[in-house]
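Participant: Pasting a structure below so you can have a look.
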Amino acid sequence: MPRDAPTPPPFEPVALQRSLERYMVWGLVFMLALVAGFVAYRVREPGLRKEALRSQTASYTAVGRTLYRASCAECHGKRAEGGSGPTLNAKEFLKATTDAQMQLLISGGVSGSDMPAWNLDYGGTMTDEQVRQIVTFLRGLEPNAPSVPGWRKGKAPG
Amino acid sequence: MSDQDVLESNEGVGVDEPGLSGRLHRSQVWRSMFRHPQQDTPRGRALQGFSNFFLHVYPVKIPRRVLRNRYSWRLGFISGVLFLILLITGLYLMFVYTPSVGAAYGDMQRLKTGVGFGQLIRNVHRWSAHLMVLVVFLHMVRVFYAGAYKHPREFNWVFGIMLLLLTLAFSFTGYLLPWDQLAYWAVTVGTNLVKYVPLIGNPTQNLLIGGDQIGQSTLLRFYALHVAVLPAALVMILGIHIWRVRKDGFAVRRSNVGAFEEDAVAQPAAAAPAHAAPELYGGRVRLLGVVDRESITAEARPVDDTVFTWPHLVVRHVVVALGTAAVVLALGVAFSAPLRGLANPNVTPEPAKAPWYFAGLQELLSRFDPLVAGILIPAAAVMAFVFLPYLDRNPATEARNRKVAVTLFSILLSLAVVLTVVGTFFRGPGWQWIPPWDHWYVEL
């Protein structure tokens with residue numbers, strides 16, 4: 001089309017164009033709503049996460065305590081004070097051992113000792129989740145744990 | 001100048017535009033991407049449609065009534081948008097989720113506590129999934145009342161039923177993945193239905209859940225179905241479904257009597273009388289390959305009630321898509337997807353309910369013999385829907401001319417809705433009648 005060609009007359013009703021423009025305005029509104037939605041969530045997210053973490057820790061601790069009493073207390077003592085197995089409610093132990101290390105010890109057991117492997121993957125009875133719950137329970141003891149330098153020995157039977 | 005020449009020469013690309021945008025539109029890079037002319041003329045718009053990959057899903061022109069929201073309520077389109085949202089959010093979740101009994105539940109909690117936007121994406125995924133079941137169903141209802149399943153669209157209705165079933169399968173397999181009590185027991189109740197099939201019931205259930213109890217193999221199976229098998233099947237069938245809609249011209253005639261006759265297709269489009277243009281439209285598109293190019297250009301078309309798809313329908317669709325996304329995002333920000341305690345086969349929650357879209361079935365089960373309620377009635381309903389366009393030979397599309405079909409369908413629809421509402425809202429422990437205002441036992 002040559003540069004100086006006259007503009008062709010509109011071939012569609014003006015009403016059609018108008019309704020198109022109304023739609024475009026709505027599109028803009030929705031786009032802003034989308035951005036606002038993400039921003040609103042981002043603002044709330046840290047609080048939501050903290051709350052979720054708190055309630056997760058609480059429920060893990062509760063379930064972990066039950067699991068501990070059922071499966072671990074026999075050797076490690078009802079209050080994790082130690083038995084034929086090491087003392088777990090000990091500042092020295094809890095400080096020196098990360099969650100991941102504890103998970104590994106419970107999951108795979110300790111060869112050469114009476115500690116069996118608990119995770120289903122190693123022929124035990126617990127899921128990863130349950131192991132994590134026990135670890136959360138033990139970790140919860142840390143703030144009030146007494147100092148037990150000889151925690152490895154536990155308490156001699158009898 | 002032929003249309004091909006116009007496309008190749010980029011005639012009129014930004015020639016009149018001053019300034020930076022004009023220079024951009026005239027640049028070689030731009031013109032290599034958008035090869036159609038920018039003329040705002042009927043021919044220009046038609047060529048824009050022809051030369052654009054994405055616009056090929058649309059016909060170049062559509063009857064003007066398709067632009068009205070009341071025409072279809074855009075339900076089919078919204079279903080597609082929800083599927084796209086589910087695909088994107090689902091990919092995000094796949095990066096976090098492990099389909100293992102030991103890890104799945106922990107991953108759900110990690111979404112809450114440690115993954116950026118994790119819980120939001122999960123919320124959006126969940127609400128979109130529920131909405132998609134609802135919207136696909138409403139789409140089917142709308143298509144029925146519009147008589148849009150009639151010739152030549154019979155088989156596309158069948159594809160639609162397949163898509164509805166696939167959507168349910170999607171939602172049901174996804175239901176198990178969080179591996180919480182809600183997931184475990186809803187799927188237990190749901191898969192127990194299969195047992196009632198005579199002879200093959202137990203083996204089928206074993207095949208479905210990979211054993212006689214829901215466990216690791218069920219989770220892995222449902223995961224594989226949910227993220228690989230079902231998406232592939234749905235994309236495939238959805239592709240055919242949409243392609244057929246497009247080939248059928250996006251609209252049903254208001255009076256279907258004598259519509260879509262093959263003689264209309266057989267005539268050369270250019271020879272068509274002016275008043276027949278809208279009906280001829282579908283035929284003309286099909287003729288693209290055999291009619292010579294000049295006879296199908298837009299300016300040869302007489303004045304009719306059609307409008308250009310680009311921009312009118314495309315812009316509306318984009319806006320509806322944005323609106324749908326905004327709604328599910330708002331739902332995701334406002335309401336969190338539920339996560340109950342870790343799945344525990346030894347503790348049955350009260351009440352143990354199937355997902356809401358199967359609650360009607362569960363309600364039926366509480367009233368009839370399991371074989372009748374769990375198998376015969378649903379199988380008969382699905383078969384009736386599949387064969388509907390072949391059983392209903394009445395060509396009329398207006399409700400007043402098809403009273404029997406509309407009445408029957410409306411009765412069945414009301415029954416299904418009542419059963420679902422009762423099962424979802426009015427049932428408590430032991431499947432006792434407990435109204436939602438006394439105690440809220442609804443889990444989504």
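The values are calculated or read from the model by the stated rules, or taken from the named source; none is laboratory data. Model, not experiment: these values are computed from the prediction. In this analysis, Cβ positions are derived from the backbone assuming ideal geometry, glycine residues included, and neighbour counts consider all displayed protein chains. Quick note on the areas: whole protein, heavy atoms, side chains included, nothing else; ligands and nucleic acids left out. Shrake-Rupley method; radii C 1.70, N 1.55, O 1.52, S 1.80 Å.
Participant: Rounded if a/c is under 1.5, else prolate if a/b is larger than b/c, else oblate: which is the stretch B:306-395, with a ≥ b ≥ c the root eigenvalues of its Cα gyration tensor? Walk me through the numbers before you get to the answer.
Facilitator: Working: a/c = 4.82, a/b = 1.24, b/c = 3.88.
Oblate, because a/c is 1.5 or more while a/b does not exceed b/c.
Participant: Leaving out ligands, DNA and RNA, calculate the buried accessible area for the pair B and A with a 1.4 Å probe, summed over both sides, in Å² to the nearest 100.
Facilitator: The summed interface area works out to 3300 Å².
Participant: Give a quick list of trypsin sites (Lys or Arg not before Pro) in the stretch B:303-375 that DSSP marks as loop, anything other than H, G, I, E or B, with at most 10 other Cβ atoms within 10 Å.
Facilitator: For trypsin sites (Lys or Arg not before Pro) across the stretch B:303-375 that sit outside H, G, I, E and B with at most 10 neighbouring Cβ atoms in 10 Å, the list reads B:Arg367.
Participant: Further question on the same structure: If you count only protein heavy atoms and use a 1.4 Å probe, how large is the accessible surface of A:Ser59, to the nearest 10 Å²?
Facilitator: Surface open to solvent at A:Ser59 totals about 50 Å².
Participant: Suppose accessible area is computed on protein heavy atoms with a 1.4 Å probe; arrange B:Thr348, A:Thr97 from highest to lowest.
Facilitator: Descending accessible area places them as B:Thr348, A:Thr97.
Participant: Do any residues of the stretch B:56-102 lose at least 40 Å² of accessible area when the full set of protein chains is present rather than just their chain alone, and if so which, with a 1.4 Å probe?
Facilitator: At a threshold of 40 Å² (probe 1.4 Å), the residues of the stretch B:56-102 that become less exposed are B:Arg64, B:Gly102.
Participant: In the stretch A:45-62, which residues become less accessible by 10 Å² or more once every protein chain is in place, relative to the chain on its own, using a 1.4 Å probe?
Facilitator: Residues passing the criterion (a loss of at least 10 Å², heavy atoms only) are A:Glu45, A:Arg49, A:Ala52, A:Leu53, A:Gln56, A:Tyr60.
Participant: In the protein assembly as shown, how does Rg compare with the Kirkwood Rh, expressed as the Rg/Rh ratio over alpha carbon atoms?
Facilitator: 1.08
Participant: Quick one: with all protein chains in place, what share of the accessible area of the stretch A:48-102 is carbon or sulfur, to the nearest percent (1.4 Å probe)?
Facilitator: 56 percent
Participant: In the stretch B:149-254, with Lys and Arg counted as +1 and Asp and Glu as -1 at Cβ, which of these residues, B:Ala228, B:Val245, B:Gln213, has the Cα nearest the positive end of the dipole, that is, farthest along it?
Facilitator: Sorting the options by dipole projection puts first B:Val245.
Participant: Further question on the same structure: What spacing in nm lies between the two simple spin-label points modelled at B:Glu154 and A:Phe38, each 7 Å away from Cα in the Cβ direction?
Facilitator: Reported label-point gap for B:Glu154 and A:Phe38 is 4.8 nm.
Participant: Please calculate the 1.4 Å probe accessible area of A:Met24, with all protein chains present, and give it to the nearest 10 Å².
Facilitator: 100 Å²
Participant: State in Å² the accessible area per residue of the protein assembly as shown; use a 1.4 Å probe, count heavy atoms of protein chains only, and round to the nearest integer.
Facilitator: 52 Å²
Participant: Against the empirical 2.2 N^0.38 Å scaling, what ratio does the C-alpha Rg of the stretch A:15-158 come to? Mind showing how you got there, number by number?
Facilitator: Values: Rg = 25.3 Å, N = 144, 2.2 N^0.38 = 14.5 Å.
Expressed relative to 2.2 N^0.38 Å, the Cα Rg reads 1.74.
Participant: Another question, then. Using the C-alpha gyration tensor of the stretch B:184-240, what are the square roots of 5 times its eigenvalues, in whole angstrom, with the largest one first? It would help to have the intermediate numbers written out before the result.
Facilitator: On the way: eigenvalues 112, 41, 19 Å².
Rounded to whole Å, the semi-axes are 24, 14, 10.
Participant: Counting only protein heavy atoms, probe 1.4 Å: which residues of the stretch A:93-133 lose 50 Å² or more of accessible surface in the full assembly compared with their chain by itself?
Facilitator: Correct list: A:Glu129.
Participant: Next question. Which value, in Å² and to the nearest 10, is the accessible area of B:Val60 when all protein chains are kept and the probe is 1.4 Å?
Facilitator: Its accessible surface works out to 20 Å², give or take rounding.
Participant: With every atom except the alpha carbons ignored, what do you get for Rg and Dmax of the stretch B:342-439, in angstroms?
Facilitator: 17.5, 57
Participant: When the solvent-accessible surface of protein heavy atoms is calculated with a 1.4 angstrom probe, in what order do A:Leu28, B:Leu331, B:Leu47 fall, highest first?
Facilitator: A:Leu28, B:Leu331, B:Leu47
Participant: Report, to the nearest whole %, how much of the accessible area of the stretch B:360-444 belongs to carbon and sulfur atoms, 1.4 Å probe, protein only.
Facilitator: Solvent-exposed carbon and sulfur of the stretch B:360-444 make up 73 percent of the total.
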